[in-house]
Amino acid sequence: MAATRSGTAEAAVSWLAEHEREGIERLVEWLRIPSVSTDPAYRGEVRRAAEWAAEHLRASGLHAELHPTGDTSADPAGTGHPIVFAQTPSARSGSGPHILFYGHYDVQPADPLELWESPPFEPTIRPAQGGVGEVGERVVARGAVDDKGQVATFLEAVRAWSEASGTPAGGARITVLLEGEEESGSVNLERYLEQRAELFRGCDVCVISDTGMLGRGRPAITYGVRGLAYTEVVLHGPDQDLHSGMWGGKAPNPISELVKVLAQLWDADRRVTIPGFYEGVPEVEPGERSAWEALGVDEAEALRKIGLPPEASVGEAGYSFTEREWARPTAEINGIVGGYTGKGAKTVIPSHASAKVSFRLVGDQDPARIAKSFFDFCNARTPPGCRWTFIDHGGGHAATVATDSPLLRKAAEALRAASGAEPALIKTGGSIPVAGLLKQRLGLETIFMGFGLDDDRVHSPNEKFELDCFRLGARAHALFIGELVGGA
Ligand code: BES
Ligand code: MN
Ligand code: MN
């Protein structure tokens, strides 16, 4: 590696410190672009956010382009949102470790708008509110932590190396894939990876900054994400809405019938009752159980922060608070709609009712199989005279990654050096579909090195990213790049 090595990690880290304000300004500029992937009205803005990232990478000396996704037969730009694909010159020719950095530049919708203290796409830098352990400033905007702010920690680290060494990313072998559809289900990603598999063949590991830390000052490497199966069920009854006085007690009420079926999803131990649901679910290993216990997660404090008393810690019997998030599958009703929901009273029996029901998955649980089993479960309980329609919105597999790989050790080393603290090994209950796909399609392991905090309000109004976390992320990535160019 000596031939491609140029500059030093110290120079890159100094550059970061000296150009910190510009880095934050760059992030603010990116956050101004409302790249909401799920809403077609933002299509142009999503593309603009992709171009912004490509431009940033080009300024660091990488070759960057936008790849269309989805159907390109009608429109060469594709029906999907573009993928930002970039590489350092040495990615194709050099030798030594080659990392694939994945992130997403799309964001969740900003609703409900009225709950934002400042407009979601007018980023503001605000002082921390002065709660326990809260110091410093944060940037408040949709996408601040999920995931533009976290991607920006990497973009800034790459830029620092390019600037400090005069060689793109200091000669590190890096491929970048930024997705524009993560928040809308990654619907075109599998096909993209299938069609462009050769582009990623040479990569040794994927690095993702889209998860969290264990807490303030407690950096972490995440070694597992849960999978997801997202469904929608509609229960149809009469072919018209009815007067509840005339029809209540004579014919099925689709809302009442739907909630009775859904209430059967859990038994008294809060285990999911769908036949076969737990197939492919591994037991929590004793080693993990004790390691997680040793992390000292403060259950009561976590509940308190969301306005709940300690007795609100409910979930599958026999598993701890942390185990229930990191290692157990769950069923959740995410939305339920039917009948009259306007102001005042209206006595009505609606013709139909619907629910969005999702499942977090672990181990080998297959999203398509789980959705199908849920639909079978509903079919087996069809209320008399009613019928169902089912929609499978897709999802992704759970992914657990090796914790003993040399590159993960290097990432942990970089994180340790950047933070001065020992990184914890954690899992998360959230889902990042690309990790499962990369493992399945390309045999690629992932390192989740994330910088979010539990109170960042991910997907909620007033989403924020602590500038301390931004700095830590940029430093950690810079030091990790240092490990790559330093030879492996
Ligand atoms: N970054 C999140 C996943 C995440 C959330 C990881 C919290 C760790 C902690 C990601 O952008 C996300 O929101 N994923 C979705 C799944 C997707 C298929 C819509 C999720 O987990 O609900
Ligand atoms: Mn994310
Ligand atoms: Mn998200």
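Quick note: the coordinates plus some simple rules give every number you see, no bench work behind them. Quick caveat, the model's predicted, so the values are computed rather than measured. Cβ: placed from backbone, ideal geometry, glycine included. Neighbour counts: every protein chain shown.
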Take every DSSP beta bridge whose two residues both sit in the stretch 86-210, then give the antiparallel share in percent to the nearest 5. 35 percent
Defining a contact as two alpha carbons under 8 Å apart and six or more residues distant in sequence, what relative contact order in percent does the chain show? 25 percent
Would you please give the residues with an amide H less than 5 Å from that of Ile447, counting only those at least 5 places away or on a separate chain, with H modeled from the backbone geometry? Cys206, Val207, Ile208
With θ set to phi - 60° and the Karplus curve 6.51 cos²θ - 1.76 cosθ + 1.60, what are the ³J(HN,Hα) couplings of the stretch 292-302 in order, to the nearest whole Hz, using x for Gly and Pro? 5, 4, 5, 5, x, 5, 8, 4, 4, 5, 4
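What 222 nm value per residue comes from the helices of the chain, counting each DSSP H run with n ≥ 4 as -39,500 (n - 2.57) and dividing by all residues, nearest 500 deg cm²/dmol? Kindly include the intermediate steps, with their values, before the conclusion.
Working: 16 runs with 165 residues, N = 488.
Dividing the helical sum by the residues of the chain leaves -10000 deg cm²/dmol.
What's the extension gain from Ala268 to Asp376 if we count 0.36 nm per residue and subtract their Cα-Cα distance?
Details: separation 108, 0.36 × 108 = 38.88 nm, distance 2.14 nm.
Taking 0.36 nm per residue and subtracting the Cα distance, the gain is 36.7 nm.
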Rounded, prolate or oblate: pick one for the stretch 93-233, where a ≥ b ≥ c are the square roots of the eigenvalues of its C-alpha gyration tensor, a/c under 1.5 means rounded, and failing that, prolate if a/b is larger than b/c, else oblate. oblate
Between Ala41 and Asp364, what FRET efficiency follows from the Cβ-Cβ distance if R0 is 45 Å, with the result rounded to 0.05? 0.70
Distant-in-sequence amide H partners of Ala424 (H built 1.01 Å from N, under 5 Å): Ala220, Ile221
Ranked packing of 460-469, 58-67, most packed first, by mean Cβ within 10 Å: 460-469, 58-67
Percent antiparallel among DSSP beta bridges (both partners in the chain, rounded to 5): 70 percent
Table column - 3J(HN,Hα) (Hz), the stretch 12-22, Karplus curve with 6.51, -1.76, 1.60, x for Gly and Pro: 5, 5, 5, 4, 4, 5, 6, 10, 4, 4, 4
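What FRET efficiency do you get for Ser93 and Gln240 if R0 is 56 Å and r is their Cβ-Cβ distance, rounded to the nearest 0.05?
On the way: r = 68 Å, r/R0 = 1.22.
The computed FRET efficiency comes out at 0.25.
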In the stretch 249-291, the trypsin sites (Lys or Arg not before Pro) that sit in a DSSP loop and have at most 10 other Cβ atoms within 10 Å of their own Cβ are Lys250
Sequence-distant or interchain residues sharing an amide H contact under 5 Å with Gly430, placed H: which? Arg226
For the chain, what class follows from the C-alpha gyration tensor (a ≥ b ≥ c being the square roots of its eigenvalues): rounded when a/c is under 1.5, otherwise prolate if a/b is larger than b/c, else oblate? prolate
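Using a Förster distance of 30 angstrom, determine the FRET efficiency expected from the C-beta separation of Ala197 and Ala291, and round it to 0.05.
Working: r = 35 Å, r/R0 = 1.18.
Plugging the Cβ-Cβ distance into 1/(1 + (r/R0)^6) gives 0.30.
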Explain nothing, just compute: Karplus ³J(HN,Hα) = 6.51 cos²θ - 1.76 cosθ + 1.60, θ = phi - 60°, for every residue of the stretch 342-351 in order, whole Hz, x for Gly and Pro. x, 6, x, 10, 8, 8, 8, 10, x, 6
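So which GluC sites (Glu not before Pro) in the stretch 231-328 are both in a DSSP loop and have at most 11 other Cβ atoms within 10 Å of their Cβ?
On the way: sites: Glu232, Glu257, Glu279, Glu283, Glu288, Glu293, Glu299, Glu301, Glu311, Glu316, Glu323, Glu325; in loops: Glu279, Glu283, Glu316.
Of the GluC sites (Glu not before Pro), the ones in loops of the stretch 231-328 whose Cβ has at most 11 other Cβ atoms within 10 Å are Glu283.
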Once the in-chain neighbours fewer than 8 apart are removed, the lysines whose Cα is under 29 Å from Lys305 read Lys148, Lys356, Lys427, Lys464
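Report the extension gain between Val314 and Lys260 in nm, rounded to one decimal, defined as 0.36 nm multiplied by the number of residues separating them, less their alpha carbon distance. It would help to have the intermediate numbers written out before the result.
Values: separation 54, 0.36 × 54 = 19.44 nm, distance 2.09 nm.
That pair, Val314 and Lys260, stretches by 17.4 nm at full extension.
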